[in-house]
1. Using Cα atoms only, what is the angle between the long axis of helix 270-279 and the major principal axis of the chain, expressed in degrees (0 to 90) to the nearest 10?
2. Give the shape of segment 311-376 as rounded, prolate or oblate, defined through the alpha-carbon gyration tensor: a ≥ b ≥ c are the square roots of its eigenvalues, a/c under 1.5 means rounded, and otherwise the shape is prolate if a/b is larger than b/c and oblate if not.
3. Just want the answer: with Cβ charges of +1 for Lys and Arg and -1 for Asp and Glu, which residue in Tyr275, Ser300, Leu101 is farthest toward the dipole's positive end in the chain?
4. Using only Cα atoms, locate the centre of segment 254-295 and the centre of segment 51-101, then give the distance between them in Å, rounded to an integer.
5. Return the whole-Å distance between the Cα centroid of segment 146-220 and the Cα centroid of segment 349-374.
6. Classify segment 211-356 as rounded, prolate or oblate, taking a ≥ b ≥ c as the square roots of the eigenvalues of its Cα gyration tensor: rounded when a/c is under 1.5, otherwise prolate if a/b is larger than b/c and oblate if not.
7. Give me, ordered by chain and number, the residues 5 or more places off Val264 or on other chains with an amide H under 5 Å from its own placed amide H.
8. Specify the angular offset, from 0 to 90 degrees and rounded to the nearest 10, of the alpha carbon long axis of helix 220-232 from the longest principal axis of the alpha carbons in the chain.
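None of the figures in this text is laboratory data; all of them are computed from the coordinates on show. The model shown is predicted, which means the values in this text are computed figures rather than measured ones. Neighbour counts run over all protein chains shown; Cβ positions are idealised from the backbone, glycine included.
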Amino acid sequence: MERMNLHIIALNIPYPPNYGGVIDMYYKLPELHRLGVKLILHCFVYDRPPAAELEALCENVYYYKRRTGLMANLSFLPYNVCSRKDPHLIERLLHDDYPILFEGLHSCYYLTDKRLAGRLKLYREGNIEHDYYRLLARSCRTLFTKAFLLVEAWRFRRYQRVIASADITLAISLADAAYLRQQFPGRRIEFMPAFHAGERVTSEAGRSGFILYHGKLSVFENEHVALFLIAQVFSRLDCPCILAGMNPSERIRAKAAPYPHIIVEANPTAERMDYLTREAQVHLLVTFQDTGLKLKLLNSLFAGRHIVANRLMLAGSGLDSLCHIADTPEEMITACRRLLAEPFTEEETERRRSFLFPDYSPAYQAARLLRMLEGN
């Protein structure tokens, strides 16, 4: 049987897989590779170097420089779309008739290109982008950046119509799937949870004495949450509270500094992050945006102990029953104090396994994706 070939257009270089959307992009690759799919990966370069690790999983890897700057902003198209176009990319897509997977709305500049008519085109949705940018603008402190984010939200709301050109849309959450079905009646919208590192649930029974919040701390939303947790929750607890993630701002460090029990771990290694995820007694997962499916939620369910999450973190996930829900600082403090004293049990690990499989298994979802590529 002839092997399936697939073009993947990635909005960023999906290695290392150390934050949100990049995790979903990266972990598709080994799963599809394992199934025999020949992957042709196209990546846009702007804040990460080319990664040799991708060569082992892909038939070819191509890199394109993002066209940033003022000219990319002088358009009705979203800046994040207009800056990701390249004539070499469309030339390579036209060399064959293989299916194309567009990773995120940012990568969809060529989705509506008439030269690709008749090709099987899949769109991987990771956020309702206009909602995401509008909510980012709310937590932004500088007027110029806030204005840019609001304009970008308006552009993405107009641009969203291109999704109708995709043969199949892969929605990352149940809530997003419902929204997209409403916006694009008659189009094929499939719920496909995020790909991630969890081949199996490895949560360990036992007990430790610290609470963990983790994320890409340079992102507006995560910085906002970190500052909220320091001021409203961690400062009122008397156990070690760790905030771990990429590039924490000076503001986070300064707010945590007066509290010896609040520890900011900047840019932990993969090994250190695995340790923190495995050993934390409580994962405190909070968001102020109900967009997409938060990868940190799946990672924590597959590898961590108790999870305290607010309703916005769980929105559209279908995973509420596996978490302890807390929306206010008082509810979070009460839940954390109670769970610090409760060992995590093997029974809870088994309950997660029975609930999460097969739907949240990367191997299962890769097999589904392959069937779609084959026309099923």
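1. With both axes taken from Cα atoms, the answer is about 50 degrees.
2. On the way: a/c = 5.02, a/b = 2.06, b/c = 2.44.
Oblate, because a/c is 1.5 or more while a/b does not exceed b/c.
3. The residue sitting most towards the positive pole is Leu101.
4. One Cα centre to the other: 32 Å.
5. The two parts, judged by their Cα centres, are 17 Å apart.
6. It is rounded, given that a/c, with a ≥ b ≥ c, falls under 1.5.
7. Leu243
8. 10 degrees
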